[in-house]
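Heads up: the structure comes next, in C-alpha cells.
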Amino acid sequence: MVYEYTGDAHRELVESYRADESPMPTGPSRPYPRRDSLRDEPPLLKQLLFPRCWNATELVDNPDATRARLAELGSCMQNGITAYSDRDVAEVTAITDETLDRLPAIRRSLKKDVEAAYKGDPAAKSYCEIIRSYPGFHAILTHRVAHHLYEAGCARYARELSEYSKTETGIDIHPGAEISDYFFIDHGTGVVIGETATVGDWARIYQNVTLGALHFEEEEGEDHMLAKDYKRHPDIGDHVVIGAGSNVLGPVEIGDHVSIGANSWVTDDVPDNTSVFIADHPEQKRKSNR
C-alpha cells in the first residue's frame with residue numbers, strides 16, 4: 001500500500017518552523033550525533049516536529065520536502081494501523097491523514113512542554129538540550145501522537161508506539177492518559193501514568209512516580225477476568241508538583257496548586273493549595289565501620 005499525503009500540514013509545519021523565535025533553536029544547520037532507532041516512526045516524528053535539532057533543516061524552508069517526510073511517516077502509520085485493524089483502505093487513510101494534520105497543533109503543545117522543562121529544571125541549559133536529551137520530553141512527544149491515535153480508535157497501534165517509547169526512556173505513559181499543556185517529567189525513570197489518568201497544565205513529576213490504580217474490579221460472571229473501561233486512575237489539577245517516589249492511586253482528585261512530597265502515598269482527594277508530605281521520616285542511625 002503506497003501512501004500519498006494530500007493535506008496541508010506540510011505548509012503549516014514550514015510556517016511554524018519559520019515562526020520559531022529564541023530560545024527555540026533558530027540558527028543555521030548543525031550536524032548533531034546520530035541517534036538511530038529500531039522503529040521508523042520516532043526519528044520521523046522528531047525530524048518533522050523539531051527539524052533543526054534532528055539534522056533535518058532541509059524541511060525548514062521546503063514544504064515539498066516536509067510533505068515527502070510526512071508521506072514517509074504516513075506509510076508507517078498506515079502499516080501500523082492496518083496490522084491491528086480490519087478497516088478498509090479508505091478508513092485507514094482517513095485516520096492517517098487526520099493524525100498528520102494534527103502535527104502542527106501537537107508541535108505547538110510540545111513547544112510549551114519544552115518551555116516547562118526549561119523553566120522547571122535548574123540544570124537545563126538550552127531548549128535544544130531538552131529536545132534532544134531529556135527522556136521526559138521524548139516520552140511526551142510520542143505520547144501526544146499516540147494519544148491522538150488512541151482516541152481515533154487505534155488503541156493497539158498507539159500502545160505499541162508507547163511501549164517502544166518506554167524502552168527508550170524508562171517512562172510508561174499509557175496512550176489513553178489525557179495530559180494538558182506545559183507538562184514536565186524530570187529525570188523520569190520509573191514513571192508510570194495509567195490509562196484513565198488526567199493531568200492539568202503546568203504539572204511537574206519526578207522519577208519513580210506512579211499515577212496508578214489502587215485496586216481492580218473483577219468482570220461479573222467471568223473467572224479471573226478483570227473489568228475494563230472504567231475509571232481507575234487519578235485526576236491531577238493544574239500547577240501540581242509530585243515528588244520522587246510518590247504514588248497517587250485510584251480515581252482520586254488532586255486539586256490545583258498542590259505539592260506532593262517525595263515518597264508520599266496518596267489514596268484520597270487533595271484539595272486546592274495543599275501540601276502533602278511524610279511528617280515523620282524513619283530515624284537514621286550511624287555507626288563506625290572501623
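All of the numbers you see were taken from the coordinates with simple rules; none came from a lab. Note that this is a predicted model, so its numbers are computed, not measured. No Cβ is skipped: glycine too gets one built from the backbone with ideal geometry, and neighbour counts run over all protein chains shown.
Per-structure values
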| read-out | value |
| --- | --- |
| Within straight-line cross-link reach of LYS125, lysines at Cα separation under 22 Å, skipping those fewer than 8 residues along the same chain | LYS46, LYS111, LYS112 |
| Viscosity 1.002 mPa s, temperature 20 °C, Stokes-Einstein D of the chain from Kirkwood C-alpha radius, µm²/s | 105 |
| Counted charge near ILE95, where neighbours are those whose Cβ lies closer than 12 Å (Asp, Glu -1; Lys, Arg +1) | -4 |
| Principal axis box of the range 169-241, alpha-carbon based, largest edge first, Å | 43, 23, 18 |
| For the range 190-290: relative contact order, % (alpha-carbon pairs under 8 angstrom, 6 or more apart) | 23 |
| Cα-Cα P(r), the range 18-62, percent of pairs per 10 Å interval | 26, 56, 17, 1 |
| Per-residue ³J(HN,Hα) for the range 199-209, Karplus 6.51 cos²θ - 1.76 cosθ + 1.60, θ = phi - 60°, Hz, x for Gly and Pro | 9, x, 6, 6, 8, 10, 10, 9, 4, 6, 8 |
| The chain: relative contact order in percent, alpha carbon pairs under 8 Å with at least 6 residues between | 11 |
| Which of HIS143, HIS148 has the fewest Cβ neighbours within 10 Å, and the rest in rising order | HIS148, HIS143 |
| Span from the the range 166-220 Cα centroid across to the the range 114-130 one, whole angstrom | 20 |
| Nearby lysines by direct alpha-carbon distance to LYS228 (threshold 26 angstrom, same-chain neighbours under 8 apart not counted) | LYS166 |
| Cβ-Cβ FRET estimate between SER85 and THR189, R0 fixed at 35 Å, reported to 0.05 | 0.60 |
| Farthest positive-ward along the chain dipole, Cα basis, beta-carbon charges - from LEU44, ILE173, ALA197 | LEU44 |
| Shape metrics for the range 45-139, restricted to C-alpha atoms - Rg then Dmax, Å | 15.7, 50 |
